1. By the scheme Lys and Arg +1, Asp and Glu -1, what is the net charge of all other residues having a beta-carbon under 12 Å from that of residue 149?
2. Hey, how many Å between the Cα centroid of the stretch 95-119 and the Cα centroid of the stretch 133-163?
3. Based on the mean of other Cβ atoms within 10 Å per residue, sort peptides 106-119, 76-89 so the most packed one is first.
4. At a Förster distance of 25 Å, what's the computed FRET efficiency of residue 126 paired with residue 58, Cβ-Cβ distance as r, to 0.05?
5. Using only Cα atoms, what Kirkwood radius does the stretch 14-162 have, in angstroms?
6. Taking N as the number of residues in the stretch 48-133, what is its alpha-carbon radius of gyration divided by 2.2 N^0.38 Å?
7. What number, in percent, do you get for the relative contact order of the stretch 14-162 if the mean sequence gap of Cα pairs under 8 Å and at least 6 apart is divided by its residue count?
Amino acid sequence: MVKTQGISAAGPDGARQARSNAAFAAVPLSPFLLIGAFSLVYGGAQAIQHRSFLHRAVPATGTVVGIAKGTSRRTYPLVRYRTPNGESVQFKSRVSSSAYTVGQHVGVVYDPADTGTAEIDSPDSWYSVLMLPLFGAILWAFCLACLLAVYVVSRRANAARAG
């Protein structure tokens, strides 16, 4: 009979088995981890780009001149504004909202280097930008919680078998 000193299933072998079980659990979660990572990276890049746009943007007053129909009953306001040199510019907002009506005056921010790059000056503009990285962060947190749970349960099961 071989006597072992201080090694149990909860020790190095048990920890190895728990890591193996957690790695096995990562296989079905891997598409969600990849989608979450993509959402975080791409959404984060969009948020940085939007922040940079807002730092160089110039305010103006615009008028909603129409409502564009989008997919699945979404509507996007068409806004026209004038630059200080008198140029009239029209753009379609990226933010879907039914809160705007034709003829309504709205605050606008635009890039003075590219007057076609404009957006309605509203907190809603951040909503669409932050949804993707928020989704990615929630997906990652869920996947990591699942992996941690598998690891902890597996480690406890191995310890109970050895006990």
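Coordinate-derived values only; no laboratory data. Treat the numbers as computed from the prediction; the structure is a model and nothing was measured. Positions of Cβ are backbone-derived with ideal geometry, glycine not excepted, and every protein chain shown enters the neighbour counts.
1. The answer is +2.
2. Result: 45 Å between the Cα centres.
3. Taking the mean over residues of other Cβ atoms within 10 Å, the ranking is 106-119, 76-89.
4. Result of the calculation: an efficiency of 0.85.
5. Value: 18.6 Å, from the Cα pair sum.
6. 1.05
7. 34
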